[in-house]
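Encoded as structure tokens, the structure appears first; notes follow it.
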Amino acid sequence: MFLIDTMNFLAASKHSRRTTTRLLAAAALCAASGAHAQTVPRTVRLIVAYPAGGVSDVVARALGDRLATQLGATVIVDNRAGASGAIGMDAVAKAAPDGATLGFSAISPLVLSPHLGRLPFDPLKDIVPVASVMYSPVLLVATPASKAKDFRALIAEAKAQPGAVRWATSGPASLGHIVLEQVRAAAGVDITHVPYKGGGQQLNDALSGQFEILSTNASPTLSAHIQSGKLRPLAAGAPARLESLPQVPTLAELGYSAANIHSLFGVFAPAGTPAALVAKYNAEINKALASPELRAKLTATDNVPAPGTPAAFAKEIASEFESNGRIVKAAGIKAD
């Protein structure tokens, strides 16, 4: 993790109302400068908090292309990967609040990373939520090592043989690990956590049956292995069943609402960005998400479009911040 000694924000997780108020206040800091008409800068830098070539980068570039066309501006994608998105979000937080810099990231650097250590920016004050863009589902898939035909059979097996079921994630404090801890707590089962560093090796080991269950974000590669029958989807962390996997229930449907977690991605700006520009960008992003081309790009990778207002996005971030704080504390989760 990208841990630098600055303010410690863990105490904030104890105060739900204060956290929500701070986030909404951060989103509204720009109001004072928003009274005058604002125009979008001719060149906009879109900082993507992930490496080039991944699903999130592909989506960000497609969104950038749509915004460039709609706004009549040049949108330059700037990949700032590392530290689970914290490096990119730090760059956004420290950019000039003039509307010329936006960031594209999952909300995890704002809602999970603060509970695991100290960040070089205040996620509740230095970043303005502009627009939610997409949900990236978490899929729970069975490998050749598992005989479970569905999720209930998996839980029954875990209860019958404590510790025998091995569940792989991309590492401690990853989203897949959070899902595992929620399932453990709700079902009262002993499941062995198998943490990896990243997704490449864990997928190879899944195919060779090195463990029974894998929880990971949806991706074209994972979808290909599901379609070939090499991996069996048991459940999804998603707002609703996926179009590509209509037979796979969500964890909420199965009675595990707290474990029904998914990655929410969106666009952010430095605190102090004029309100008029935040509103303008939000409207244009929602317009882009309604386009058939961008929607097809998202659904083809099992991502779900998630348009909305800046205020709704801020409230969801605040809710996730509080929820993750409780989970991390209860499970004793530590960063690498």
Options Thr250, Thr221: the member that is closer than 18 Å to Ile261 by Cα and β-branched (Val, Ile, Thr): Thr250
Verdict on Thr21 being farther than 16 Å from Ser108 by Cα and modelled with pLDDT of 55 or more: no
Qualifying positions in the stretch 199-214 - at pLDDT 95 or above and either touching a strand residue (DSSP E or B) at 6+ places or on another chain (Cβ under 6 Å) or crowded, with 19+ Cβ neighbours inside 10 Å (or both): Ala206, Phe211, Glu212, Ile213, Leu214
All positions within the stretch 122-134 that are buried (at least 23 other Cβ atoms within 10 Å of the Cβ) and either modelled with pLDDT of 95 or more or in a strand (DSSP E or B) (or both): Ile127, Val128, Pro129, Val130, Ala131, Ser132, Val133, Met134
Filtered residues of the stretch 252-289 (kept if among the polar types (S, T, N, Q) and over 28 Å from Val75 (Cα atoms)): Ser257, Asn260
Among the residues listed as Ala168, Ala164, the single one being closer than 26 Å to Pro51 by Cα and not assigned by TED's automatic domain parsing to the domain that holds Val59: Ala168
Considering residues of the stretch 270-313 that are within 17 Å of the chain's Cα centre (by Cα) and either part of a strand (DSSP E or B) or among the hydrophobic types (A, V, I, L, M, F, W, C) (or both) only, the residue farthest from Pro123 (Cα to Cα): Leu298
Evaluation of Ala252 against (1) closer than 25 Å to Ala236 by Cβ; (2) in a strand (DSSP E or B) (one fails), failing number: (2)
Meets criteria (free of Cβ contacts under 8 Å to residues at least 12 places away in the same chain, of a type in the set (Gly, Ala, Ser) and not assigned by TED's automatic domain parsing to the domain that holds Ala96) for Ala224: yes
Qualifying residue in the stretch 322-333 (condition: within 30 Å of Pro41 (Cα to Cα), surrounded by fewer than 17 Cβ atoms within 10 Å (Cβ to Cβ) and over 16 Å from the mean Cα position of the chain (by Cα)): no
Of all residues in the stretch 90-102 being under 14 Å from Phe121 (Cα atoms) and not hydrophobic (A, V, I, L, M, F, W, C), the one that is surrounded by the fewest Cβ atoms within 10 Å (Cβ to Cβ): Lys94
Sole residue being free of Cβ contacts under 8 Å to residues at least 24 places away in the same chain, touching a strand residue (DSSP E or B) at 6+ places or on another chain (Cβ under 9 Å) and among the aliphatic types (A, V, I, L, M), chosen from Ala164, Ala148, Ala153: Ala153
Qualifying residue in the stretch 68-90 (condition: of a type in the set (A, V, I, L, M, F, W, C), in a strand (DSSP E or B) and touching a Phe, Trp or Tyr at 6+ places or on another chain (Cβ under 8 Å)): no
Any chance Leu110 is buried (at least 24 other Cβ atoms within 10 Å of the Cβ) and of a type in the set (A, V, I, L, M): yes
The stretch 37-60, residues that are loosely packed, with under 15 Cβ neighbours inside 10 Å, in contact with a helix residue (DSSP H, G or I) (Cβ under 8 Å, 6 or more places away or on another chain) and in contact (Cβ under 8 Å) with a residue 40 or more places away in the chain: Ala37
Residue that is farthest from Leu102 (Cα to Cα) [pool: residues in the stretch 61-89 that are modelled with pLDDT under 95 and buried (at least 22 other Cβ atoms within 10 Å of the Cβ)]: Ser84
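The values are calculated or read from the model by the stated rules, or taken from the named source; none is laboratory data. Keep in mind that this is a model prediction, so the values were computed, not measured. Positions of Cβ are backbone-derived with ideal geometry, glycine not excepted, and every protein chain shown enters the neighbour counts.
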